[in-house]
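*Asks:* Please see the structure below; I have some questions.
The values are calculated or read from the model by the stated rules, or taken from the named source; none is laboratory data. None of these values were measured; they are calculated from a predicted model. Quick reminder, even Gly has a Cβ in these numbers, built from the backbone with ideal geometry, and neighbours come from all protein chains shown. Accessible surface areas use protein heavy atoms only, side chains included; no ligands, DNA or RNA. Shrake-Rupley method; radii C 1.70, N 1.55, O 1.52, S 1.80 Å.
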Amino acid sequence: MIQIGYWGLFVASFLSATIVPFSSEAVLLGMIVAGFDPVLTTIIATLGNWLGSMFTFWLGYVGNIERIEKWLRISKEKTDKYKVVTKKYGAWFGLLVWVPIIGDVLAVCMGLVRTPVVMSMILILIGKAVRYSIWCYMSVYAVG
């Protein structure tokens, strides 16, 4: 992905925010080591990952619960548990959508329970921006 530069980072970041297992952090680190602009890489990674999470949110919003359970390979009991907790905290879960493994499930559940779209978008964006800013800072510090 590094060979195709910023577009590769965007695609990697988008895919890693879906159920596709991918490490955008590795691509981000590789680009910083290769001399790409840290601020621009942070912005692009954040936007790609945010749009990927919004796609995952949308899948939950328009999705069929039975298909989603099968697709994510989780039991109905677990889905019901996530839905109850997501209803309790609502769009605020958007701040945690970046968390590996559970983040995709949270995004889907936020869509399933119809958390307010604009508030969800904003909070997911904040969570993603903080995540990639920390990764970028740590990468620059480690490299230089």
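*Asks:* Mind checking the full-extension length gain between M119 and D80? Use 0.36 nm per residue of separation minus the Cα-Cα distance, one decimal, nm.
*Replies:* 11.8 nm
*Asks:* Each label point is 7 Å from the Cα along the Cα-to-Cβ direction; what then is the distance between the points at W7 and V140, in nm?
*Replies:* Roughly 2.7 nm, to one decimal.
*Asks:* Related question: Using a 1.4 angstrom probe on heavy atoms only, work out the carbon and sulfur share of the accessible area of the stretch 1-103 in %.
*Replies:* Carbon with sulfur: 70 percent of the solvent-accessible area.
*Asks:* Among (i) 67, 42, 30; (ii) 47, 25, 22; (iii) 53, 34, 24, which is the computed Cα extents along the principal axes in Å?
*Replies:* (ii)
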